[in-house]
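Some notes on the structure that comes next.
The values are calculated or read from the model by the stated rules, or taken from the named source; none is laboratory data. This structure is a prediction, so every number in the text was calculated from the model and none was measured. Here the Cβ positions follow ideal geometry from the backbone for every residue, glycine too, while neighbour counts run over all protein chains shown. In case anyone asks, the SASA skips ligands and DNA or RNA and just uses the protein heavy atoms, side chains included. Shrake-Rupley method; radii C 1.70, N 1.55, O 1.52, S 1.80 Å.
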Amino acid sequence: MQHKSMRPGTTAVHGGQSPCPLTGAVMPPISLASTYAQASPGEHQGFEYTRSHNPTRYACERCIAVLEGSTIPEEVDPSMGGFAFASGLAAISTVLDMLETGDRVVAMDDLYGGTHRLFSQVKARSQGLDFACVDLSDPSTLAEAVDENTKLIWVETPTNPMLKIADLAAIAEFGRANGIMTACDNTFCSPMVQRPLELGFDICMHSGTKFIGGHSDVIGGFLVTGDAALAERIRFHQNSIGSILSPFDSYLMLRGMKTLSIRMQRHCDSAMHLAKWLEEHPRVRRVIYPGLPSHPQYDLARRQMTIEGTPAGGGIISVDLDGDLAGTRKMMESLSVFTLAESLGGVESLANHPAIMTHASVPDALRAELGITDTLVRLSVGIEDVADLQDDLEQSLDAMG
Ligand SMILES: *Cc1c(COP(=O)(O)O)cnc(C)c1O
């Protein structure tokens, strides 16, 4: 398999894949068997037990690995540095389990709510990890936040829901210089728009539930590394902890990945159109979108987030409405093409109220500090006709009164 030189749109379809050697099937069969026959004790074909090895999961893991730019050959690591988990949080938890009690993790302050909860309410207690959350959109905060026990820098960019951007190349360089492992939650961009490993990160993580699965019908998570020694450590922990992606869900993920390239292009194009339009709307106080010149880190976003060299702002827009909570509720209740729901990254457009929905578990004071107000609405722009999306936003903004 030689996919290294191919462009992401081709890799999404063919990366790490080859037709089934037995039948020629172009999609790998869903291999449900939990165990595999051995010819003699210890003599097998590379598959012993499905928690440890599964051909459908491997196929999906290799595809994300190649998409994220891992160059580990299949002969060195059977899934080429890609690892699939039962959820995004299971993937994050597995990274934290590679650390020792007392280690410090420096993380972005504006994290996905569930990640913040895992850090502060579970791992701080169960594993004795020390978490320092700082604003990594200013890389100079890093030097102050790290101490000699710091073993991991955890970054999310753009952040959720304020869409702050962290300079991945600068953070990777800091990590390398100080011997600290770096990991980036790349869920909001997908490998089509941003590839942290190519910017020097050690680990790239995804909630596959979002853009990668893309159809709001599967929960899963990924880790990818381009470092063979780190891949071996992740494989050991994936197998030891056991929070793996099932064969059926691996098939769904792989199916989603095949269309990732065309979906991301459409998400980005439609989001750009709507963000520009919303910025002019009288009921809108502020639009936060990395593709708009009004974004405080527009230049960095243009460098770091691209589709085949062309700047791309992603599929998520945060909008601060000019009104109060009651007006915001009215607007959200009036949506008919956008569905009012948690999650993001699916083919259908979703609207979310972070303060009440996804970020309810973030303490009030921190929410206020981050700017997650009662009038903030996060939009996940789907692949519907953008004119219908605009009409829907227009009538619902009118409904605010
Ligand atoms: C959804 C999400 C997660 C958690 O993933 P699950 O698949 O829901 O466990 C982590 N990070 C980000 C940015 C997310 O959007």
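The residues neighbouring Ile30, those whose beta-carbon lies less than 14 Å from its own, together hold a net charge of +1 under the Lys/Arg +1, Asp/Glu -1 convention. Sequence-distant contacts, meaning Cα pairs under 8 Å at least 6 residues apart, place the relative contact order of the range 34-145 at 17 percent. Within the shell defined by Cβ-Cβ distances under 9 Å, the residues around Pro354 carry a net charge of +2, with Lys and Arg each +1 and Asp and Glu each -1. A Gaussian network model of the chain, with springs between Cα atoms under 10 Å, assigns the largest mean-square fluctuation among Leu32, Leu223, Leu136 to Leu32. Only lysine pairs 8 or more places apart or on separate chains count here, and in the chain those with Cα atoms under 20 Å apart total 5. Using the Cβ-Cβ distance between Glu348 and Gln395 with R0 = 22 Å, the FRET efficiency computed as 1/(1 + (r/R0)^6) comes to roughly 0.75.
Taking the C-alpha atoms only, the angle from helix 386-398 to the longest principal axis of the chain is near 40 degrees. Measuring nothing but how far apart in sequence close Cα pairs (under 8 Å, 6+ apart) lie, relative to its length, the range 261-398 scores a relative contact order of 27 percent. When nucleic acids and ligands are ignored and a 1.4 Å probe is applied, Phe248 ends up with an accessible area of around 100 Å².
Of the beta bridges in the chain, as assigned by DSSP with both residues counted there, near 60 percent are antiparallel.
Rolling a 1.4 Å probe over the protein heavy atoms leaves Cys60 with an accessible area of roughly 0 Å². Between Glu280 and Arg176, the simple label model (points 7 Å from Cα in the Cβ direction) yields a spacing of 4.4 nm. Derived from the Cα gyration tensor, the three semi-axes of the equivalent ellipsoid of the chain are 35, 25, 19 Å, largest first. For the chain, the longest principal axis of the C-alpha atoms and the axis of helix 247-257 are separated by about 50°. Computed over neighbours whose Cβ is under 12 Å from that of Thr187, the net charge equals -1, Lys and Arg +1, Asp and Glu -1. Rg and Dmax of the range 261-398, based on Cα coordinates, read 14.5, 42 Å.
With R₀ set to 30 Å, the beta-carbon distance separating Ala143 from Ser294 gives a calculated FRET efficiency near 0.55.
For the set Glu43, Glu75, Glu279, the ranking by accessible area, highest first and with no ligand, DNA or RNA atoms included, is Glu75, Glu43, Glu279 under a 1.4 Å probe. On full extension, the segment bounded by Ser240 and Arg329 gains 27.5 nm, given 0.36 nm per residue less the C-alpha separation.
When all protein chains stay in place and ligands, DNA and RNA are ignored, the 1.4 Å accessible-area order of Tyr251, Tyr49, Tyr289, largest first, is Tyr49, Tyr251, Tyr289. For Asp299, the accessible area of its heavy atoms, probed at 1.4 Å with every protein chain present, is near 110 square angstrom. The angle between the Cα long axis of helix 168-178 and the longest principal axis of the Cα atoms of the chain comes to about 50 degrees, rounded to the nearest 10. Shown are Lys151, Lys276, whose ranking by accessible area with a 1.4 Å probe and every protein chain present, most to least, is Lys276, Lys151.
Largest first, the three principal axis extents of the alpha carbons in the range 227-332 are 54, 36, 25 Å in whole numbers. In plain terms, the chain from His273 to Ala229 could stretch by 11.5 nm, reckoned as 0.36 nm per residue minus the Cα-Cα distance. Excluding ligands, DNA and RNA, the accessible surface per residue across the range 1-154 is 46 Å² with a 1.4 Å probe.
Provide the FRET efficiency to the nearest 0.05 for the Arg303-Ser40 pair, computing r from the beta carbons and using R0 = 51 Å. Computed FRET efficiency for Arg303 and Ser40: 0.35.
Think of each Lys and Arg Cβ as +1 and each Asp and Glu Cβ as -1; about the Cα centre, that makes the dipole of the chain roughly 700 debye.
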